[in-house]
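The values are calculated or read from the model by the stated rules, or taken from the named source; none is laboratory data. What you are looking at is a predicted structure, and each value in this text was computed from that prediction instead of being measured. Note that we place each Cβ from the backbone using ideal geometry, even for glycine, and neighbour counts take in every protein chain shown.
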Amino acid sequence: MILVQITDTHIEEPGDLAYGRFDTAANLRNAVAAINRMDPGPDMVLHTGDMAHHGSPERYAYFRELIADLKAPFYAIPGNHDGRAPFRSAFSDTAWMPSDGAFLHYVVDDFGVRVVCCDSVLEGQTPGGFCAERLAWLDRQLSGVPDKPTIVGLHHPPFGSAMTGTTSNGLIEGGSELAALIRRHPQVVRVIAGHAHRPFTCTFGGTIGFAAPTTCYPFALETGPDCVLSITGEPPAFSVHIWMEDAGVGEPGLVSHTVPVGDWGERITLLRDGKRVLDVA
């Protein structure tokens with residue numbers, strides 16, 4: 001099973017640039033093209049929030065236009081820049097979008113790994129939260145299928161980033177309760193998130209937490225005493241999570257990769273079947 005994770009695309013209206021300088025639409029087009037070139041292709045693509053820079057019907061319509069050529073099945077959960085009402089309306093024609101209820105959470109159980117998609121949004125706030133109702137919902141989903149490897153996805157990382165900017169605020173509500181819940185369910189092989197605009201991993205709830213890179217404008221790793229949030233020149237990227245029945249140690253496991261987006265030169269094959277194929281002068 002191959003899951004591609006994109007996140008924090010921050011799409012503006014057609015012709016507009018984020019902060020007047022970042023062409024987030026072009027980056028998303030490049031990401032879709034790169035995902036479509038994957039061989040084998042992914043089983044699913046999950047967007048982990050902040051699809052639009054400001055949630056609006058116009059921006060979501062443009063987003064759907066930009067991913068229209070995506071070959072793999074597409075799923076999404078909201079982030080703090082996404083308003084629940086326009087987000088729900090924009091994807092009301094999909095099988096995965098909940099038609100009712102306060103939260104936009106659901107389960108994808110069509111593949112060898114189960115994906116539980118969670119809504120961590122606190123309306124009107126940058127950080128997220130997990131209230132008692134959301135925790136109870138997640139506990140029911142994990143308790144119902146205890147023996148199948150599972151990925152839990154949400155927008156806000158419930159684990160630390162060591163960053164001092166505003167994205168260091170993952171969950172301000174329910175984080176410790178979520179960690180205890182995950183620890184009770186050892187089938188959870190990864191907790192994946194977005195929000196931080198850069199990739200990092202952290203132990204969480206007895207498993208591995210992974211925050212994915214952004215396809216728009218990456219944030220710098222700021223760990224100093226000042227609360228600074230800076231945009232860096234690092235390339236935009238997406239993540240690929242691959243379930244392996246034999247992860248090289250005689251047991252299954254999930255491996256996660258980061259794939260830069262853009263033109264970084266031609267691919268040069270060095271070895272094929274263990275034999276050198278590149279001539280070295």
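Numbers at a glance
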{"quantity": "Residue that is surrounded by the most Cβ atoms within 10 Å (Cβ to Cβ), among those in region 167-215 that are at pLDDT 95 or above and among the basic types (Lys, Arg)", "calculated": "190"}
{"quantity": "Test: residue 196 is of a type in the set (A, V, I, L, M, F, W, C) and in a helix (DSSP H, G or I)", "calculated": "no"}
{"quantity": "Failed criterion for residue 9 (all others in (1) out of contact with any Leu (no Cβ under 6 Å at 6 or more places or on another chain); (2) buried (at least 18 other Cβ atoms within 10 Å of the Cβ); (3) not hydrophobic (A, V, I, L, M, F, W, C) hold)", "calculated": "(1)"}
{"quantity": "Checklist (1) free of Cβ contacts under 8 Å to residues at least 40 places away in the same chain; (2) in contact with a helix residue (DSSP H, G or I) (Cβ under 9 Å, 6 or more places away or on another chain); (3) in a loop (DSSP other than H, G, I, E, B) applied to residue 64, failing item", "calculated": "(3)"}
{"quantity": "Residue in region 50-58 that is farther than 28 Å from residue 23 by Cβ and either surrounded by 16 or more Cβ atoms within 10 Å (Cβ to Cβ) or charged (D, E, K, R) (or both) present", "calculated": "no"}
{"quantity": "Scan of region 224-241 for residues that are in contact with a Ser or Thr (Cβ under 8 Å, 6 or more places away or on another chain) and either within 18 Å of residue 114 (Cα to Cα) or exposed (fewer than 12 other Cβ atoms within 10 Å of the Cβ) (or both), ordered by number", "calculated": "224, 225, 226, 227, 239, 240, 241"}
{"quantity": "Residue that is small (Gly, Ala, Ser) and surrounded by fewer than 20 Cβ atoms within 10 Å (Cβ to Cβ), where the choices are 89, 161", "calculated": "89"}
{"quantity": "Residue within region 86-94 that is under 30 Å from residue 147 (Cβ atoms) and not in a strand (DSSP E or B) present", "calculated": "yes"}
